[in-house]
1. Tabulate in residue order the Karplus-calculated ³J(HN,Hα) for region 64-70, using 6.51 cos²θ - 1.76 cosθ + 1.60 with θ = phi - 60°, rounded to whole Hz; enter x for Gly and Pro.
2. Neighbouring Cβ atoms within 10 Å as the yardstick, rank VAL56, VAL142, VAL183 fewest first.
3. As a footprinting exposure proxy, order HIS98, HIS186 by other Cβ within 10 Å, with the fewest listed first.
4. Could you list, bin by bin from short to long, the percent of Cα-Cα pairs of region 122-191 in 5 Å steps?
5. Over the alpha-carbon set of region 80-146, work out the extent along each principal axis and list the three values in angstrom, largest first.
6. Hey, how much of the P(r) for region 118-161 falls beyond 11 Å, as a percent of Cα pairs?
7. Between GLU48 and SER175, what FRET efficiency follows from the Cβ-Cβ distance if R0 is 41 Å, with the result rounded to 0.05?
8. Could you list TRP80, TRP134 so that the one with the fewest beta carbons within 10 Å of its beta carbon is first and the one with the most is last?
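Please treat every number below as a calculation from the coordinates, not as lab data. Remember, it's a predicted structure, so these values are computed and weren't measured experimentally. Every residue, glycine as well, gets a Cβ built from its backbone with ideal geometry; the counts of neighbours run over all protein chains shown.
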Amino acid sequence: MVVQGLVSVPHPPPQPRPQPAATVDRPQPAAAGLQPLGYSRPVRVRVERLGITAAVRPVGLNSDGTVEVPKPEQAQDAGWYKAGAAPGQRGPAVILGHVDSAFLPGGRAAFYALGAARKGDRVEVDRADGTTAWFTVDAVTVVARFRFPTRAVYGPTDTAQLRLITCGGTYSPTSGYSANVIVYAHLVGSAHTATAPPQRGGP
């Protein structure tokens, strides 16, 4: 289940460094006393350090088994895989977004900057019930489309996890982007806690 690109942009999007599978295949444990949230669909996702703010739409599956993404004219929005966990629930919540779009200024879509994410970044997801779930990034990787790690992304977990996905690698006018950028994160709190968790991203 992968995301495919729309166009080539004048300035290629940032790309993470490849990471060994061991760094992403073992989800981070939950903090002591932290319980997963109940179900509530996501309505907005933010990664403040990267300048990412996008409305979130529910999406399902295409006929070929890949996950849908917002329509090209809606490339400023992200898509939440509605058959999976909601952000904050136990399990992996998956939010996908375009990296580029001919419909947007500079060709930059909702997740253009996602490849610049790094361990310790905070991701905030606003939910329809009025809560905000806070996640901390554990790993960022780029993987070839034909090697997409379906189990690591969509497989069951004992804790509340988040995956953010967009296109990556090199771009070809005939086949699109060669890879996917995948951000792995785990729940660290919500709007019901007393204070927001600190940022831990490096310089």
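1. 8, x, 7, 7, 5, 10, x
2. Working: VAL56 24, VAL142 20, VAL183 27.
Fewest-to-most Cβ neighbours within 10 Å comes out as VAL142, VAL56, VAL183.
3. HIS186, HIS98
4. So the P(r) values, bin by bin, are 4, 15, 22, 19, 16, 11, 7, 4, 1.
5. 34, 25, 25
6. Values: 715 of 946 pairs.
Counting every Cα pair in region 118-161, those more than 11 Å apart make up 76 percent.
7. 0.75
8. Going from least to most buried by this count: TRP134, TRP80.
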